[in-house]
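Structure, as structure tokens:
The values are calculated or read from the model by the stated rules, or taken from the named source; none is laboratory data. If you're wondering where the values come from, they're calculated on a predicted model, not measured in any experiment. Neighbour counts run over all protein chains shown; Cβ positions are idealised from the backbone, glycine included. We work out accessible area using only protein heavy atoms, side chains counted, and drop any ligands, DNA or RNA first. Shrake-Rupley method; radii C 1.70, N 1.55, O 1.52, S 1.80 Å.
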Amino acid sequence: MTTLTDSAGTALDLVFSLDPVLLSIVWRSLAVSASACLIACVVGLVLGAWLGVTRFAGRGVVLTVLNTFLAIPSVVVGLLVYLLLSRSGPLGFLGWLFSFKAMVIAQTLLVLPVVTALTRQVVEDAENLHGEQLASLGARPLVRSLLLAWDERYALLTVLIASFGRAISEVGAVMLVGGNIDGFTRVMTTAIALETSKGDLPLALGLGLILLGVVLLLNAATGLLRRWRERQGGHGGTTIHMQVSA
């Protein structure tokens with residue numbers, strides 16, 4: 001108990017004194033996850049919105065595969081990226097293995113199915129409510145997807161927050177493709193695993209507290225967005241009608 005108490009006290013000292021090593025790991029974690037989420041959200045929001053309003057042959061198969069990727073283990077994603085970027089892999093000439101870019105790619109592939117699947121569900125639910133009205137006003141699928149995505153922007157912001165939480169709390173993929181190199185590719189989750197195995201509990205606890213704080217802030221932001229959306233009246237069918245009519 002004394003060891004735990006001492007470690008916790010030292011961890012708090014590291015956090016409140018803004019220890020340079022701790023801060024570098026935290027900023028690197030935020031940078032990797034933010035970059036991955038930005039890429040995944042740009043692609044996933046468009047693809048998910050399109051899937052939400054478009055009907056085509058084989059759509060059920062596509063959705064089944066997409067939903068399967070939601071549960072894919074992060075280490076499997078890391079393994080696939082590792083094989084692609086290794087010297088014998090098709091992208092080995094880039095020399096990105098064990099680098100910041102490799103970690104961004106891995107987290108992007110991990111988050112992309114989440115953003116796409118949740119966006120598709122949100123837009124499809126809105127399409128079921130307002131699709132016939134929009135079609136009767138002459139809106140094509142692309143226009144409908146854009147209007148519905150904008151109308152459900154608060155729900156989609158929640159999707160983006162959830163995707164960031166998924167990225168920053170991931171450990172397996174970035175461990176495989178980043179190599180957990182001190183000062184270069186070490187992020188919060190991999191550092192916690194390494195420092196715990198080394199017995200350096202203060203740094204591991206300090207990083208764990210910060211990671212817990214980030215997750216807490218993400219959950220608080222999600223709750224605030226949900227309340228804000230409820231105040232705005234939930235779905236915005238009137239807004240859609242006005243936009244299409246204009």
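Please state which of the following conditions G165 fails to meet, knowing it meets all the rest: (1) surrounded by fewer than 15 Cβ atoms within 10 Å (Cβ to Cβ); (2) free of Cβ contacts under 8 Å to residues at least 60 places away in the same chain; (3) under 27 Å from W50 (Cβ atoms).
Condition (1) is where G165 drops out.
Okay, residues lined up against (1) closer than 30 Å to T119 by Cα; (2) free of Cβ contacts under 8 Å to residues at least 60 places away in the same chain; (3) among the hydroxyl-bearing types (S, T, Y):
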{"residue": "T5", "(1), (2), (3)": "no, yes, yes"}
{"residue": "S24", "(1), (2), (3)": "no, no, yes"}
{"residue": "C37", "(1), (2), (3)": "yes, no, no"}
{"residue": "L45", "(1), (2), (3)": "yes, no, no"}
{"residue": "G48", "(1), (2), (3)": "yes, no, no"}
{"residue": "L51", "(1), (2), (3)": "yes, no, no"}
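L110 versus (1) under 24 Å from C41 (Cα atoms); (2) surrounded by fewer than 23 Cβ atoms within 10 Å (Cβ to Cβ): which is the lone unmet condition?
Status for L110: all satisfied but (2).
If I go through the range 176-192 residue by residue, how many of them are within 12 Å of V26 (Cβ to Cβ), open to solvent by less than 20 Å² (accessible area, probe 1.4 Å) and part of a loop (DSSP other than H, G, I, E, B)?
1
In this structure, does G9 turn out to be within 30 Å of L205 (Cβ to Cβ), modelled with pLDDT under 90 and open to solvent by less than 80 Å² (accessible area, probe 1.4 Å)?
In short, yes.
I need the full set of residues from the range 173-194 which are among the charged types (D, E, K, R) and in contact with a Ser or Thr (Cβ under 9 Å, 6 or more places away or on another chain), in order please.
Answer for the range 173-194, where residues must be among the charged types (D, E, K, R) and in contact with a Ser or Thr (Cβ under 9 Å, 6 or more places away or on another chain): just R186.
Which one of these is over 18 Å from E170 (Cβ atoms) and under 14 Å from the mean Cα position of the chain (by Cα): T119, T54?
T119
Is it the case, given these coordinates, that L79 is in contact (Cβ under 8 Å) with a residue 24 or more places away in the chain and farther than 15 Å from P113 by Cβ?
yes
For the range 42-67, how many residues are open to solvent by 20 Å² or more (accessible area, probe 1.4 Å) and part of a helix (DSSP H, G or I)?
Summing the residues that are open to solvent by 20 Å² or more (accessible area, probe 1.4 Å) and part of a helix (DSSP H, G or I) in the range 42-67 gives 15.
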